[in-house]
Structures are given as structure tokens and as C-alpha cells.
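First up is the structure itself, then whatever we jot down about it.
The values are calculated or read from the model by the stated rules, or taken from the named source; none is laboratory data. Quick caveat: nothing in here was measured; it's all calculated off a predicted structure. Here Cβ is always computed from backbone atoms with ideal geometry, including for glycine, and neighbour counts include all displayed protein chains. In case anyone asks, the SASA skips ligands and DNA or RNA and just uses the protein heavy atoms, side chains included. Shrake-Rupley method; radii C 1.70, N 1.55, O 1.52, S 1.80 Å.
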Amino acid sequence: VALVQSGGGVVQAGGSLRLSCVASGRTSYLAMGWFRQGPGPEREFVAAINWHGLNTYYEDSVKGRFTVSRDNDVNTVWLQMNSLNTDDAAVYYCAARRGPVAQEESAYEYWGQGTRVTVSS
């Protein structure tokens, strides 16, 4: 499985961005997650969605502002980010795993290349 990300960039605080992640290869039954890495060494869980798109999970600080969605017909997952603030600035990664959706970084087998989100105050 290969994951290719797009989107990201520079946005003013309060603005919106949408990240995309396109999967190729054996894409069936993949649970998808979004993580981000700020200045520290750890990747932080942001959001996740199960294969059918019926169940979504969010880190507390992004609830109500970020929305994860997917379209399996085009093997794409999106992260819509609204009301961005400077704490959201990070490199964002999409990730995939076979099996149930998870919030732990170590549970994911496949990773996108990362895309930087910069929020100006």
C-alpha cells in the first residue's frame, strides 16, 4: 500500500485547509488515521476513520473543528480542518492499517510522506 498526500500550506489563524490522502495497492478494508508532528519527537493522533466510514474518532483538541471522511471508490481520505490555530501547526501524516481503526501510532503499517501545515497568527 502506498499513501500519497496533498494539501497543506500556510493559512491564517481561523482559516481552513483540507488534506487529502490517496491510497494505492491493496486498499481494501484499510482503516485510516491522521497524525501530526509538531516540534517534539512524538506523532500525535488527530483523527481516524474505519473502512466503512461509519465510525470516526478525534483527538479532543480538534473535535468540532476537524472532520475526517473517505470515499473508497476513489481510495481517498480527507481531513477538513477549520478554525485553525497556531497549535495546529505541524507536519500531518496519513496512515493506514488493516483491521479495526486505532489511535496508536504503532498500530499503523503504512504512512504517507507528510505535509506541512503552517498557521500564522
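For region 34-47, a residue qualifies if it is closer than 22 Å to residue 67 by Cβ and out of contact with any Cys (no Cβ under 7 Å at 6 or more places or on another chain), and the qualifying residues are 35, 36, 37, 38, 43, 44, 45, 46, 47.
Please enumerate the residues belonging to region 97-121 that are β-branched (Val, Ile, Thr) and outside any strand (DSSP E or B). Listed by number, the list holds a single entry, 101. Checked against (1) under 20 Å from residue 64 (Cβ atoms); (2) surrounded by 14 or more Cβ atoms within 10 Å (Cβ to Cβ), residue 12 meets all criteria but (2). Checked across region 63-79, the condition of being open to solvent by less than 40 Å² (accessible area, probe 1.4 Å) and within 16 Å of residue 2 (Cβ to Cβ) holds for at least one residue.
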